[in-house]
Amino acid sequence: MKKIIFLIFSIFLFANEAEIALDLAKVNGYFKNIKSCSENDFNGCDNLEDIGKIKYIKEAKEYINEECKAKNMAACYIISTFSDDEYTKYNALRLACQNHFDLACTKLVIDYEKNSTKALKILKNQCDNENNQNSCYATARYYKGFLDKENAIKYSKIACDKGFYNACIFEASVHYENNNIKTAFNILEKTCDKGYEEACFVAANSYLKLSKFKLSKKFLEKSCKLGNKIACQKLNGF
């Protein structure tokens, strides 16, 4: 009987260890995406929401904290997203930024600089002088908030031209608001042709609003082929 209990306990323990290892592998994949995003690789930025469900939260947080202490700046950045303590969050971001982790520098300004004019100045400097494309995109968004659409287009284009495809969609949206419809669709179509399914999906929805059903279906099909499940579902309505 004792042997059976021990065997069951061992199986349970092994299963837990395997699941914890799987969770930590997800965290390591998340580290990789965050690091690539910080190094101006939009594919990494686009996958930041795709960490997957973590079951062993306590163990994952302990691992992340240890990695940050070991100078893994992606781990320090993650601390700023899950900690409930503002002091801890701020210092984790500050440490990562001081170690030239660009994504942390952008987030530090957005989260903690309450003076929007000063925040814009800092972000613009990070874009212009430090090649921080996350900050270029953030600069564009700040300019739009200040109703300066010319600079919103300028800075979103900088990030778009560097391969930050969400900045391309933002640039297109500003052109669309300015009634530069042809320019907006040209940007969306070029970004779609580069393989970014979200640009195809936005183009499809925009064409649908204009009652251009044939073009809408064309871009829904492209988006679906590139893996957008919602686009595939919407195709059933055509």
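No lab work stands behind these numbers, since they all come straight from the coordinates. Since the structure is predicted, the reported quantities are computational estimates derived from the model, not experimental observations. Counting neighbours? That spans all protein chains shown, and the Cβs are built from the backbone with ideal geometry, glycine included.
Order by neighbour count: Ser135, Ser206, fewest other Cβ atoms within 10 Å first, most last.
Values: Ser135 27, Ser206 20.
If I rank by nearby Cβ atoms, fewest first, I get Ser206, Ser135.
What's the extension gain from Leu48 to Phe238 if we count 0.36 nm per residue and subtract their Cα-Cα distance? Kindly include the intermediate steps, with their values, before the conclusion.
On the way: separation 190, 0.36 × 190 = 68.40 nm, distance 3.21 nm.
Extra length available between Leu48 and Phe238 comes to 65.2 nm.
Sort the range 179-238 into rounded, prolate or oblate with this rule: let a ≥ b ≥ c be the square roots of the eigenvalues of the Cα gyration tensor; rounded if a/c is under 1.5, and if a/c is not under 1.5, prolate when a/b is larger than b/c, oblate otherwise. Working shown, then result.
Details: a/c = 2.49, a/b = 1.23, b/c = 2.02.
Here the range 179-238 falls in the oblate category.
Efficiency by 1/(1 + (r/R0)^6): what FRET value for Lys69 and His100, r their Cβ-Cβ distance, R0 = 30 Å, to the nearest 0.05?
Working: r = 18 Å, r/R0 = 0.61.
My answer for the efficiency is 0.95.
State whether the range 106-182 is rounded, prolate or oblate according to the following rule on the C-alpha gyration tensor (a ≥ b ≥ c being the square roots of its eigenvalues): a/c under 1.5 gives rounded; otherwise a/b larger than b/c gives prolate, and the remaining case gives oblate.
Details: a/c = 2.33, a/b = 1.47, b/c = 1.58.
Oblate, since a/c reaches 1.5 and b/c is not below a/b.
At 30 Å minimum axial length over the Cα atoms and a Kyte-Doolittle cut of 0.5, report the qualifying DSSP H helices in the chain, or say none. Working shown, then result.
Working: long enough: 2-38 (53 Å, 0.69).
Span-like helices, by this rule, are 2-38.
Restrict the search to the range 67-155; then list the trypsin sites (Lys or Arg not before Pro) that DSSP places in a loop and that have at most 16 other Cβ atoms within 10 Å of their Cβ.
Values: sites: Lys69, Lys71, Lys89, Arg94, Lys107, Lys114, Lys118, Lys121, Lys124, Arg141, Lys144, Lys149, Lys154; in loops: Lys71, Lys114.
The qualifying sites are Lys71, Lys114.
Report the dimensions of the range 14-123 along its three principal axes from the alpha-carbon atoms, largest first, rounded to Å.
For the range 14-123, the Cα spread along each principal axis is 54, 30, 22 Å.
Based on alpha-carbon atoms only, what is the radius of gyration of the chain relative to the globular estimate 2.2 N^0.38 Å? Intermediate values should be presented prior to the final figure.
On the way: Rg = 21.9 Å, N = 238, 2.2 N^0.38 = 17.6 Å.
It is 1.25.
Give me the net charge of Glu130's neighbourhood, meaning all other residues with Cβ under 14 Å from the Cβ of Glu130; Lys, Arg count +1, Asp, Glu -1. If you can, show how the numbers build up before the last one.
On the way: positive: Lys121, Lys124, Lys162; negative: Glu39, Asp102, Asp128.
Surrounding charge for Glu130 is 0.
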